[in-house]
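Below: the structure, in structure tokens.
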Amino acid sequence: MEESCYCRQSKVIQNHRIFPSDLNPFGALFGGKLMTFIDDASSISITRHCRRGAVTASIDQMNFLKPLESNHSVCVESYVSGTHHKSMEVFVKVIGENLVTGERYLAATCFTTFVAVPSHMNEEKEFMVPKVIPETSEEKKVCEGYEKRRQQRLAERQEYKEFAAQLSTELPW
């Protein structure tokens, strides 16, 4: 019997205040800081879903929609949106909030992919991660595109491997 988990079982909601030290030279949240929040939330979603270790394989479709400003809050929501054997896709939604006015806005979205690994040295290497079951209309919309995104990632990965094979690793200095 194949194990399954609901999207809500892997849902993570992280809130952070944006301080002046978090800003880029243009007054918005530094993208690298947001990427750290995203990878952290995604890794928790993955572990909740499969209850084992996993490593980041890719962050794709990172779409910055609106800048996150100083003294606003940033809310990172993530949940598993698709699985295949040992790989898992996580959907991440980033919501900004002007803490003075209460205005909330969609700041960014992306998909991350992780690969589950054996959590212990003596653990069997053959395992499959649970399937995912969407419940809400948003989860269903996000999850229905998983297989198409997976196929695109596989094709892009092959193209990238071919590209990377042409790159030098010689010392440039």
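The values are calculated or read from the model by the stated rules, or taken from the named source; none is laboratory data. Remember, it's a predicted structure, so these values are computed and weren't measured experimentally. Heads up, the Cβs are rebuilt from the backbone with ideal geometry, glycines too, and the neighbour counts pull from every protein chain shown. Note: areas computed on protein heavy atoms with side chains; ligands, DNA, RNA excluded. Shrake-Rupley method; radii C 1.70, N 1.55, O 1.52, S 1.80 Å.
The table below gives the values:
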{"quantity": "S21-L99 FRET efficiency (beta carbon distance; Förster radius 25 Å; 0.05 resolution)", "calculated": "0.90"}
{"quantity": "222 nm mean residue ellipticity, helices alone, for the chain (DSSP H n ≥ 4; -39,500 (n - 2.57); rounded to 500)", "calculated": "-9000 deg cm²/dmol"}
{"quantity": "Segment 52-64 - phi-based ³J(HN,Hα) in whole Hz, Karplus 6.51/-1.76/1.60, Gly and Pro as x", "calculated": "7, x, 7, 10, 5, 9, 6, 10, 10, 6, 7, 10, 8"}
{"quantity": "Accessible surface, the chain, averaged per residue in Å² (probe 1.4 Å)", "calculated": "62"}
{"quantity": "Built amide H within the under 5 Å cut-off of L23, gap 5+", "calculated": "F30"}
{"quantity": "Relative contact order [Cα under 8 Å, 6+ residues apart], the chain, whole percent", "calculated": "25"}
{"quantity": "Most mobile of P130, P25, P118 in a GNM of the chain (Cα contacts under 10 Å)", "calculated": "P25"}
{"quantity": "Rounded to the nearest 20 debye, dipole of the chain from Cβ charges on Lys, Arg, Asp, Glu", "calculated": "220"}
{"quantity": "Protection-proxy order for peptides 48-54, 94-100, 62-68, each taking the mean of Cβ atoms within 10 Å per residue, highest first", "calculated": "48-54, 94-100, 62-68"}
{"quantity": "Within straight-line cross-link reach of K33, lysines at Cα separation under 26 Å, skipping those fewer than 8 residues along the same chain", "calculated": "K11, K66, K93"}
{"quantity": "Accessible carbon and sulfur surface of segment 34-130 relative to its total accessible area, %, 1.4 Å", "calculated": "54"}
{"quantity": "Neighbourhood net charge (12 Å Cβ-Cβ; Lys/Arg +1, Asp/Glu -1) for F163", "calculated": "-1"}
{"quantity": "List F163, F111, ordered by accessible area with a 1.4 Å probe, largest first", "calculated": "F163, F111"}
{"quantity": "Dimensionless Rg/Rh of the chain - Kirkwood Rh, Rg from C-alpha atoms", "calculated": "1.02"}
{"quantity": "15 Å beta-carbon shell around P25, net charge (K/R +1, D/E -1)", "calculated": "-1"}
{"quantity": "Formal net charge of residues neighbouring R150 (Cβ-Cβ distance under 14 Å; K, R +1; D, E -1)", "calculated": "+1"}
{"quantity": "Label-point separation, T169 to L106 (7 Å along Cα→Cβ), nm", "calculated": "4.1"}
{"quantity": "Label-point separation, N71 to Q151 (7 Å along Cα→Cβ), nm", "calculated": "5.0"}
